[in-house]
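**Q** Below are the structure tokens for one structure; questions will follow.
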Amino acid sequence: MDDNVAKFLEERLGGEQYAKLTKISNGKLYDFIAHFIKLLDPASVFVCDDSTGDLSYISEKAIHDGEEQRLAMNGHTIHFDSPLDQGRDKEHTNILVDPGEEMGPEISTRDRTEGLKDIGEVMDGIMRGRQMLIVFATLGPNGSEFAIPAVQLTDSPYVAHSEKLLYRPGYEEFIRQGEQAHFFKFVHSEGELTESKTTKNIDKRRIYIDLKDDTVYSANTQYAGNTLGMKKMAMRLAIHRGSQEGWLCEHMLVMGIHGPHGRVTYFTGAFPSMCGKTSTAMLDGESIVGDDIAYLRKIDGVVRAVNCEHGMFGIILGVNSKDDPIQWKALHAPGHQVIFSNVLRTDDGGVYWEGKDAAVPEHGVNFKGEWTPGKLDKDGKPVPASHANARFTLGLGMLENLDKNVDNPDGVEVSAYVYGGRDSDTWVPVEESIDWAHGIVAFGASIESETTAATIGKAGVRQHNPMSNLDFLSIPLGKYLQINVDFAKGAKWLPKIFGVNYFLQSRHGKFLNGKNDKKVWYKWMELRCNGDVKAIKTVTGWIPEYKDLAPLFKDIIGREYTHEEYEAEFSLRIPENLSKIDRVIASWKNSTHDTPEVLFTELEAQRARLLEAQKTFGDEVKPSQWSVIA
Ligand SMILES: Nc1nc2c(ncn2[C@@H]2O[C@H](COP(=O)(O)OP(=O)(O)O)[C@@H](O)[C@H]2O)c(=O)[nH]1
Ligand SMILES: C=C(OP(=O)(O)O)C(=O)O
Ligand SMILES: [Mn+2]
């Protein structure tokens, strides 16, 4: 290490912390830390290793600094973000690009020189009087070819505490990898805080992704989707690095679906934020590997996936003891650390959230302050007890349905991709693609979903969201689609691709399926992946036969599944599918300059088949009207 850097670090860290840091021999790491101590100018620095002692230091500091409050249940705490800081800030999240670097209108960018200058000014001295926490993590199973070491600098003990729960420890991994650690860097400051310990200068909220230096900056925000470097910020760096190295980072759950005779078939599932990943990954009777972000590689020609995380930052809205028994149990298990955010803190030190199956408390405190039932805001609108994007943060280790392969260094063998979104009127509940390219294009690249409270802005607006990954893309859309289609190259065999739709409504706007119906779709897909059931060939893909679904409904959710329900759900709505093709093609044309030809050929072929079917059958085709079953 350069002598000046060493001297500077020893001075600023002090003996003990300096000794901890220099157990890692990596010159780039020292330069990175020294540079940002100079810029952010913290009063002190704490180097967090993998010990439980250091975890306690962080969790105690979150309480002491008032960023978390203890709850009645041992190990449980609550954190509030500012009312203006309740979701991902897409508008102020920019990929830094050099002049001439094209990302297309869907990906918000900023000139790299300008962005670095701006963040330098915003973060200049921002940590004065506060302590810088240095957190190390590994993205992916330690020691595996998937593993990426990551380091985060932050002045928020809540953010550091969350990362300790959500990610695999990385300090020992950094020591192991030494000079060759090719690590991701995150620099975060929550900035000046209000009386209630939430970010004050929201107008100076900035999230900049610097791909050239594998560094993400986040300032003046606390909401985890904007500040946990290892989560949504690392996704952007991983998508970029994967595109160069031939692997993928996807916004996907990974889970084991349990079939007959103890068979476990592994699935991935890509749904936009708040559209079903966590609730699917937590289906009782199945086993979870991950609920949000997957790294996929071909190993010996087989598509394999890992959860790059090791925890869950899940939406708590609507979680109830009937539909979500495993989550419910995890949220009531004393002695495990659980951080609740933006729910209602009740007077007896408990928590309440919208949709919880419990009595509505008479009084409490939420992200907007004091709350009583019927409270109205200044515009006379009811103030909910908890925010729609309220979350819980916990480590996977406490989940009873944790899959045994969660830390397998080779990941799990992927038999199925599932794509879905909040689609009220077009896709049937479950359908298998005709082949790989058709699946990637007509399902993945065609996802449209209504926006939700996970991002700041208007909810309920139908938005094109290719592979549910649009918010996190750091490469042009066309290139992203191409690397997904090309992922098939060199594979000995490929996962089947399915489209699912949990949100299909009748023409009168009523949901056609209950939350638990998805259990049946996954069991059917598992049978399909293993050749145990035939399916009906339609012009948009393969749909289940009624005779295979009815017994599954009986066995799994104990109810009659009538033929009328089946017809209402699985009849092909031709006009809706045709207008979807128009929207998706237009969106791809407007969103990027580099859409691969395969998108147009696959969708035009689908359009031709739909028009042919419309001529024969009219606007709606019942499952029984198709002729091929295989
Ligand atoms: N109507 C309906 N809502 C669902 C279903 N599955 C999940 N949701 C709702 O979707 C929201 C978030 O789902 P979640 O799985 O946390 O989304 P994630 O952000 O993709 O992990 C919650 O409000 C759930 O109640 C379903 O099958 N039907
Ligand atoms: C935190 C997020 O993840 P999820 O997909 O679970 O909403 C997010 O997207 O902001
Ligand atoms: Mn989720």
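The values are calculated or read from the model by the stated rules, or taken from the named source; none is laboratory data. Predicted, not measured: the structure shown is a model, and the values here were computed from it. Methodologically, a virtual Cβ is constructed for each residue, glycine included, from the backbone with ideal geometry; neighbour enumeration extends over all protein chains shown.
**Q** Please pick out the residue among A294, A234 that is within 16 Å of ligand 2 (Cβ to nearest atom), crowded, with 23+ Cβ neighbours inside 10 Å and outside the structural domain of S474 (by the TED database).
**A** A234
**Q** Is it the case that some residue within the range 333-351 is in a strand (DSSP E or B) and without any contact (Cβ under 8 Å) to a residue 24 or more places away in the chain?
**A** yes
**Q** If you don't mind, there's one more thing I want to ask. What residue, among those in the range 400-450 that are in contact with a Pro (Cβ under 6 Å, 6 or more places away or on another chain) and not β-branched (V, I, T), is farthest from R263 (Cα to Cα)?
**A** S449
**Q** In addition: Here is a list: Y502, Y522. Which entry is within 16 Å of ligand 3 (Cβ to nearest atom), assigned by the TED database to the domain that holds R297 and closer than 30 Å to G558 by Cα?
**A** Of Y502, Y522, the one residue that is within 16 Å of ligand 3 (Cβ to nearest atom), assigned by the TED database to the domain that holds R297 and closer than 30 Å to G558 by Cα is Y502.
**Q** When you scan the range 177-200, do you find a residue that is over 27 Å from M127 (Cβ atoms), without any contact (Cβ under 8 Å) to a residue 12 or more places away in the chain and of a type outside the set (A, V, I, L, M), even just one?
**A** Taking every residue of the range 177-200 in turn, at least one turns out to be over 27 Å from M127 (Cβ atoms), without any contact (Cβ under 8 Å) to a residue 12 or more places away in the chain and of a type outside the set (A, V, I, L, M).
**Q** Is it true that some residue in the range 138-153 is assigned by the TED database to the domain that holds G27 and farther than 24 Å from E250 by Cα?
**A** The answer is yes; a qualifying residue exists.
**Q** Looking at K185 and the list (1) out of contact with any Ser or Thr (no Cβ under 7 Å at 6 or more places or on another chain); (2) outside any helix (DSSP H, G or I); (3) of a type in the set (D, E, K, R), which single condition is not satisfied?
**A** Failed condition: (1).
**Q** Among (1) within 26 Å of E565 (Cβ to Cβ); (2) outside any strand (DSSP E or B); (3) of a type in the set (V, I, T), where does V418 come up short?
**A** Result: V418 fails condition (2) only.
**Q** Restrict the check to the range 475-495 and report whether at least one residue is within 16 Å of ligand 2 (Cβ to nearest atom), touching a residue at least 60 places away in the same chain (Cβ under 8 Å) and touching a Lys or Arg at 6+ places or on another chain (Cβ under 8 Å).
**A** No.
**Q** Okay, moving on. Does E413 satisfy the criteria of being within 21 Å of the chain's Cα centre (by Cα), more than 16 Å from ligand 3 (Cβ to nearest atom) and either modelled with pLDDT of 95 or more or not polar (S, T, N, Q) (or both)?
**A** Considered against the rule, which asks whether it is within 21 Å of the chain's Cα centre (by Cα), more than 16 Å from ligand 3 (Cβ to nearest atom) and either modelled with pLDDT of 95 or more or not polar (S, T, N, Q) (or both), E413 comes out as yes.
**Q** Considering only residues that are out of contact with any strand residue (DSSP E or B) (no Cβ under 8 Å at 6 or more places or on another chain) and either within 16 Å of ligand 3 (Cβ to nearest atom) or not in a strand (DSSP E or B) (or both), which ones fall in the range 286-309?
**A** Residues satisfying the conditions are D300, G301.
**Q** Residues in the range 59-77 that are of a type in the set (A, V, I, L, M, F, W, C) and surrounded by 21 or more Cβ atoms within 10 Å (Cβ to Cβ): how many?
**A** Residues in the range 59-77 being of a type in the set (A, V, I, L, M, F, W, C) and surrounded by 21 or more Cβ atoms within 10 Å (Cβ to Cβ): 1 in total.
**Q** Same structure, new question: Tally time: how many residues in the range 252-285 are within 8 Å of ligand 1 (Cβ to nearest atom) and either outside the structural domain of S415 (by the TED database) or part of a helix (DSSP H, G or I) (or both)?
**A** Result for the range 252-285: 5.
**Q** Given the conditions (1) touching a helix residue (DSSP H, G or I) at 6+ places or on another chain (Cβ under 6 Å); (2) more than 20 Å from G269 (Cα to Cα), report the number of the one that V428 does not fulfil.
**A** V428 satisfies every listed condition except (2).
**Q** From G335, G350, grab the single residue that is surrounded by 15 or more Cβ atoms within 10 Å (Cβ to Cβ) and over 25 Å from the mean Cα position of the chain (by Cα).
**A** The conditions single out G350.
**Q** Scan the helices (runs of 4 or more DSSP H) fully inside the range 1-90 and keep the ones with 1 or more residues being out of contact with any Phe, Trp or Tyr (no Cβ under 9 Å at 6 or more places or on another chain) and under 20 Å from T194 (Cα atoms).
**A** 27-40, 52-64
**Q** Filter the range 580-600 for residues that are surrounded by 13 or more Cβ atoms within 10 Å (Cβ to Cβ) and out of contact with any strand residue (DSSP E or B) (no Cβ under 9 Å at 6 or more places or on another chain) and give the result.
**A** Across the range 580-600, the qualifying residues are I581, I585, T592, D594, T595, P596, V598, L599, F600.
**Q** List every residue pair whose Cβ atoms sit under 8 Å apart, with the two residues 6 or more apart in sequence or on different chains, where the first one lies in the range 148-165 and is of a type in the set (F, W, Y) and the second, anywhere, is at pLDDT 95 or above.
**A** Y158/A62; Y158/E67; Y158/E68; Y158/H79; Y158/Q222; Y158/I339
**Q** Just to verify a result, which residue in the range 310-332, among those that are among the small types (G, A, S) and part of a loop (DSSP other than H, G, I, E, B), is farthest from ligand 2 (Cβ to nearest atom)?
**A** Ranking the qualifying residues of the range 310-332, first place goes to S321.
**Q** Kindly check whether there is at least one residue in the range 531-543 that is closer than 30 Å to Y223 by Cα, surrounded by 21 or more Cβ atoms within 10 Å (Cβ to Cβ) and touching a residue at least 12 places away in the same chain (Cβ under 8 Å).
**A** Checked against the condition, which is being closer than 30 Å to Y223 by Cα, surrounded by 21 or more Cβ atoms within 10 Å (Cβ to Cβ) and touching a residue at least 12 places away in the same chain (Cβ under 8 Å), the range 531-543 yields no hits at all.
**Q** Is it the case, given these coordinates, that D357 is away from ligand 2 (no atom under 16 Å from the Cβ) and either in a loop (DSSP other than H, G, I, E, B) or assigned by the TED database to the domain that holds Q69 (or both)?
**A** Yes, satisfied.
**Q** Right, here's the next one. Tell me whether the range 341-356 contains one or more residues that are acidic (D, E), within 16 Å of ligand 3 (Cβ to nearest atom) and modelled with pLDDT of 95 or more. Reasoning before the result, please.
**A** Looking only at the range 341-356, we keep the residues that are acidic (D, E), and these are 347-348, 354.
Now narrow it down to the ones that are within 16 Å of ligand 3 (Cβ to nearest atom): none.
Checked the range 341-356: no residue is acidic (D, E), within 16 Å of ligand 3 (Cβ to nearest atom) and modelled with pLDDT of 95 or more.
**Q** Out of all the residues in the range 386-399, is one or more at positive phi and either surrounded by fewer than 15 Cβ atoms within 10 Å (Cβ to Cβ) or more than 16 Å from ligand 2 (Cβ to nearest atom) (or both)? Quick ask: steps written out before the conclusion?
**A** Here is the first cut: in the range 386-399, the ones at positive phi are none.
Checked against the condition, which is being at positive phi and either surrounded by fewer than 15 Cβ atoms within 10 Å (Cβ to Cβ) or more than 16 Å from ligand 2 (Cβ to nearest atom) (or both), the range 386-399 yields no hits at all.
**Q** Select from the range 459-495 the residues that are within 16 Å of ligand 3 (Cβ to nearest atom), under 17 Å from A442 (Cα atoms) and either at pLDDT below 95 or not aliphatic (A, V, I, L, M) (or both) and list them in ascending order.
**A** Scanning the range 459-495 gives N465, S468, N469.
**Q** Residues of the range 188-230 being closer than 19 Å to A453 by Cα and either of a type in the set (K, R) or in a loop (DSSP other than H, G, I, E, B) (or both), which ones?
**A** R205, T221, Q222, Y223, L228
**Q** Are any residues in the range 423-477 of a type in the set (G, A, S) and assigned to a helix (DSSP H, G or I), and if so, which ones?
**A** A437, G439, A442, G444, A445, S446, S468
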